[in-house]
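Report on the structure given below.
Rule-based calculations on the coordinates, nothing more; no lab input. All values derive from a computational prediction rather than experimental measurement. In this analysis, Cβ positions are derived from the backbone assuming ideal geometry, glycine residues included, and neighbour counts consider all displayed protein chains.
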Amino acid sequence: MYTRRGEPCDKDWMVPLLSAALAQFHELGMTGWIRPAKELQKG
């Protein structure tokens, strides 16, 4: 949601949520979700 909206402050909200999601994806072996999440982290 925050990446689509694109407001300047959205990255501050997105970074911790995305990091938590990535940790869970790795823990659960959800490899199909890891790549898109990492792409979002890049920018």
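General observations
- Selection from LEU18, ILE34, PRO8 lying farthest towards where the dipole of region 2-42 points positive, charges on Cβ: ILE34
- Cα-based helix-to-principal-axis angle, 10-28 vs the chain, degrees rounded to 10: 0
- Nearest-ten-degree value, helix 31-42 long axis tilted from longest Cα axis of the chain: 30
- Under the shape rule built on the C-alpha gyration tensor, where the axes satisfy a ≥ b ≥ c, the chain is prolate, since a/c reaches at least 1.5 and a/b is greater than b/c.
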